[in-house]
Amino acid sequence: MMEWTEEKILEFVKQGWTLSWDKTNQKYKLQKRINGKVKSYTLPKKFNEFCSEAVKINTSSSYRKR
């Protein structure tokens, strides 16, 4: 089992992983398609607020670039 930190999550995002909300489990997931298969990691609930803010920041900055 991987030990998660805010820095590690941000590093995954920089490497092209996507943060997505898992409605069933009420947690965020990191997902990426690798060789035609989706690889994902479910993050602990304690990172929900951090991930929510990261998604807002990333979404708003991508809109500004357009």
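The values are calculated or read from the model by the stated rules, or taken from the named source; none is laboratory data. All values derive from a computational prediction rather than experimental measurement. A quick note on method: Cβ atoms are made from the backbone with ideal geometry, for glycine too, and the neighbour counts reach across all protein chains shown. For the accessible areas, the whole protein counts, side chains as well, though only heavy atoms, and no ligand, DNA or RNA atoms are used. Shrake-Rupley method; radii C 1.70, N 1.55, O 1.52, S 1.80 Å.
Round to a whole number: what % of the accessible area of the chain belongs to carbon and sulfur, probe 1.4 Å? The partial results should precede the final answer.
On the way: 2590 of 5260 Å².
After summing per-atom areas, the C and S share lands at 49 percent.
Aspartates and glutamates near Lys39 by alpha-carbon distance under 20 Å, same-chain residues fewer than 8 away left out - which ones?
Reachable aspartates and glutamates: Glu3, Glu6, Glu7, Glu11, Asp22.
Just the number please: accessible area per residue for the chain, 1.4 Å probe, all protein chains included, in Å². Mind dumping the intermediate values first?
Details: 5260 Å² over 66 residues.
Value for the chain: 80 Å² per residue.
Using θ = phi - 60° and the Karplus curve 6.51 cos²θ - 1.76 cosθ + 1.60, what whole-Hz ³J(HN,Hα) does each residue of region 45-51 get, with Gly and Pro shown as x?
4, 5, 9, 4, 5, 4, 5
³J(HN,Hα) across region 8-22 via Karplus (A = 6.51, B = -1.76, C = 1.60, θ = phi - 60°), whole Hz, x for Gly/Pro?
Result, ordered by residue: 5, 4, 4, 5, 4, 4, 5, 8, x, 7, 10, 8, 9, 8, 9 Hz.
Which of the listed residues, Trp17, Trp4, Pro44, is farthest toward the dipole's positive end in the chain, when Lys, Arg count +1 and Asp, Glu count -1 at the beta-carbon?
It is Trp17, whose Cα lies furthest towards the positive end.
Please list, or write none, the lysines whose alpha carbon is within less than 30 Å of the alpha carbon of Lys46, excluding same-chain residues fewer than 8 places away.
Lys8, Lys14, Lys23, Lys27, Lys29, Lys32, Lys37, Lys56
Given only helices, namely DSSP H runs of n ≥ 4 each adding -39500 (n - 2.57), what is the per-residue ellipticity at 222 nm of the chain, to the nearest 500 deg cm²/dmol? It would help to have the intermediate numbers written out before the result.
Details: 2 runs with 27 residues, N = 66.
My calculation for the chain gives -13000 deg cm²/dmol from helical runs alone.
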